[in-house]
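Chemist: Before I ask anything, here is the structure I am working with.
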Amino acid sequence: MKKITNNNNLLSILNNHIIDYPTPLNLSYLWNFGSLAGICLVIQILTGIFLAMHYTPHIDYAFISIEHIMRDVNNGWLIRYIHANGASMFFIIVYIHMFRGLYYGSYMAPRQALWFSGVTIFLLMMATGFMGYVLPWGQMSFWGVTVITNLFSAIPFVGESITQWLWGGFSVDNATLNRFFSLHYLLPFLIAGLSIVHLVLLHENGSNNPLGVDSKSSKISFYPYFYVKDLFGFFVFSLFFSIFVFFAPNFLGHPDNYIPANSLVTPPHIVPEWYYLPFYAILRSIPDKLGGVIAMFAAILILYLLPVINQSKIRSTLFRPIYKNIFWIFLINALILGWIGQNVVEYPFVEIGQVSTFLYFFILLIVFPFFSVIEEKLLTFK
């Protein structure tokens, strides 16, 4: 009898959160990206598990084991390309999801906790992606981890200890690869747990909508109305994903990572994966090493402050024309930072990067909250 009751409770929870969940009537396709991010996470976990069965986390065999997966394992090339390109797809989906949240004010009250959980997931994604990029043990993998982990040595007093702990010794070696492999395998499951928390927090206050207006009457059940929208979005995403997997599997990667790691040969230009480029540009824009590290981490952590510093009662940009224009300036500036991050450190890229870095922090810390207050007073006055 108790087992039947537990099953009924579980079905009731699933029904309330998936089928009969009250959804705002005016949601657009931009609200598909949350569910698409969940699908990407599942794809990455499943393909990662199968790849781990054939991968060898040892500096002498890691590169060879990747080639073994590609050439000898049945459909290994497909699983590897899905996993490698899936990371890029995951970040594309999450970046769109976050910028949609910025555009429509989804981070504002009463959804602050939802935004905080989302930023935490984003941080874990960045850590997981970086550790995964190290595993092929190609030239860009080796030198990428060498450069990034060396940045922690700039932290006063504890920097050297942190760096040696990350390395597992006094240089990037076998212990480093083993640590990164273990964490890369573990963190996606932590992300999955936080994603469930994120979903619960979403359903606690309900979804935001393009108008940014809370309405208890203008809602319909998620199934079958918005299920169809999500299904359509999934098919479009699958087509987009498949183009990269089958026709341009190495387009988003770096060719130097098909060269085995060599500590005696430094690549002419060390760059991270494309989804880290804006933050890499911020790091390089600060002449001081410690200042660059602080600015890079601050560029991500500052996202936690948005619900605190932006207290406007008006969420949607549909009623905030000034904020809308500033948002597009911010988006263009973020793309410029991404472009700067892949270029060499010389004139005029350094100067452009410094201006873009200043604009990034100035817009988030000063412009967004200031004009939120101005627009709210103007609308109240009218």
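The values are calculated or read from the model by the stated rules, or taken from the named source; none is laboratory data. Here the structure is a predicted model, which means the values were calculated and not measured. When we count neighbours, we look across all protein chains shown, and the Cβ atoms used for this are built from the backbone with ideal geometry, even at glycine.
Chemist: Note down all Cβ pairs under 9 Å where the first residue falls in region 330-355 and is outside any helix (DSSP H, G or I), the second is of a type in the set (Gly, Ala, Ser), and they're at least six residues apart or on different chains.
Modeler: Close Cβ pairs (under 9 Å, with a partner that is of a type in the set (Gly, Ala, Ser)) amount to GLN342/ALA281; ASN343/ALA281; ASN343/GLY353; VAL345/GLY353.
Chemist: To continue, here is another question. Considering (1) buried (at least 19 other Cβ atoms within 10 Å of the Cβ); (2) not assigned by TED's automatic domain parsing to the domain that holds PHE361; (3) not in a helix (DSSP H, G or I), say which one ASN257 fails and leave the rest.
Modeler: Checking ASN257 against (1) buried (at least 19 other Cβ atoms within 10 Å of the Cβ); (2) not assigned by TED's automatic domain parsing to the domain that holds PHE361; (3) not in a helix (DSSP H, G or I), the one that fails is (3).
Chemist: Within region 65-79, does at least one residue satisfy the condition of being in contact with a Gly (Cβ under 8 Å, 6 or more places away or on another chain), crowded, with 19+ Cβ neighbours inside 10 Å and touching a residue at least 60 places away in the same chain (Cβ under 8 Å)?
Modeler: Checking region 65-79: not a single residue is in contact with a Gly (Cβ under 8 Å, 6 or more places away or on another chain), crowded, with 19+ Cβ neighbours inside 10 Å and touching a residue at least 60 places away in the same chain (Cβ under 8 Å).
Chemist: Let me ask another. Take the residues of region 147-181 that are within 20 Å of the chain's Cα centre (by Cα) and either modelled with pLDDT of 95 or more or of a type in the set (Phe, Trp, Tyr) (or both): which is surrounded by the most Cβ atoms within 10 Å (Cβ to Cβ)?
Modeler: PHE180
Chemist: Write out, first by first residue and then by second, each pair whose Cβ atoms fall under 9 Å of each other, whose residues are 6+ apart or on separate chains, and whose first residue, in region 31-43, is under 23 Å from ASN209 (Cα atoms) and free of Cβ contacts under 8 Å to residues at least 12 places away in the same chain while the second is part of a helix (DSSP H, G or I) and among the charged types (D, E, K, R).
Modeler: none
Chemist: Another one. Pull out all pairs, ordered by first then second residue, where Cβ-Cβ is under 8 Å, the residues are six or more apart or on different chains, the first lies in region 282-310 and is under 23 Å from TYR323 (Cβ atoms) and modelled with pLDDT of 95 or more, and the second is surrounded by fewer than 19 Cβ atoms within 10 Å (Cβ to Cβ) and of a type in the set (Ser, Thr, Tyr).
Modeler: none
Every residue, every condition in (1) modelled with pLDDT of 95 or more; (2) more than 29 Å from PHE319 (Cβ to Cβ); (3) in a helix (DSSP H, G or I), yes or no:
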residue: PHE63; (1), (2), (3): yes, yes, yes
residue: ARG80; (1), (2), (3): yes, yes, yes
residue: ALA84; (1), (2), (3): yes, yes, yes
residue: ILE93; (1), (2), (3): yes, no, yes
residue: PHE99; (1), (2), (3): yes, no, yes
residue: LEU102; (1), (2), (3): no, no, yes
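Chemist: Are any residues in region 251-283 over 19 Å from GLN354 (Cα atoms) and of a type in the set (Gly, Ala, Ser), and if so, which ones?
Modeler: Of everything in region 251-283, those that are over 19 Å from GLN354 (Cα atoms) and of a type in the set (Gly, Ala, Ser) turn out to be GLY253, ALA261, SER263.
Chemist: Within region 80-115, which residues are over 15 Å from the mean Cα position of the chain (by Cα) and within 16 Å of LEU199 (Cβ to Cβ)?
Modeler: Narrowing region 80-115 to residues over 15 Å from the mean Cα position of the chain (by Cα): 80-83, 103-114.
SER106, ARG111, ALA113, LEU114, listed by residue number.
Chemist: Of all residues in region 186-199, which are over 16 Å from MET98 (Cα atoms) and either without any contact (Cβ under 8 Å) to a residue 40 or more places away in the chain or among the hydroxyl-bearing types (Ser, Thr, Tyr) (or both)?
Modeler: Once the filter is applied, which keeps residues that are over 16 Å from MET98 (Cα atoms) and either without any contact (Cβ under 8 Å) to a residue 40 or more places away in the chain or among the hydroxyl-bearing types (Ser, Thr, Tyr) (or both), region 186-199 yields LEU186, GLY193, ILE196.
Chemist: Further question on the same structure: How about region 315-341: which of its residues are farther than 29 Å from ALA109 by Cβ and surrounded by fewer than 15 Cβ atoms within 10 Å (Cβ to Cβ)?
Modeler: Answer for region 315-341, where residues must be farther than 29 Å from ALA109 by Cβ and surrounded by fewer than 15 Cβ atoms within 10 Å (Cβ to Cβ): just LEU335.
Chemist: With the requirement that a residue be closer than 16 Å to SER35 by Cβ and either surrounded by 17 or more Cβ atoms within 10 Å (Cβ to Cβ) or in contact (Cβ under 8 Å) with a residue 40 or more places away in the chain (or both), what does region 210-231 give you? Outline the logic, then answer.
Modeler: Initial filter on region 210-231 (closer than 16 Å to SER35 by Cβ): 221-231.
Answer for region 210-231, where residues must be closer than 16 Å to SER35 by Cβ and either surrounded by 17 or more Cβ atoms within 10 Å (Cβ to Cβ) or in contact (Cβ under 8 Å) with a residue 40 or more places away in the chain (or both): SER221, PHE222, TYR223, TYR225, PHE226, LYS229, ASP230.
Chemist: Is it the case that some residue within region 15-31 is surrounded by 15 or more Cβ atoms within 10 Å (Cβ to Cβ), at pLDDT below 95 and assigned to a helix (DSSP H, G or I)?
Modeler: Yes - at least one qualifying residue is present in region 15-31.
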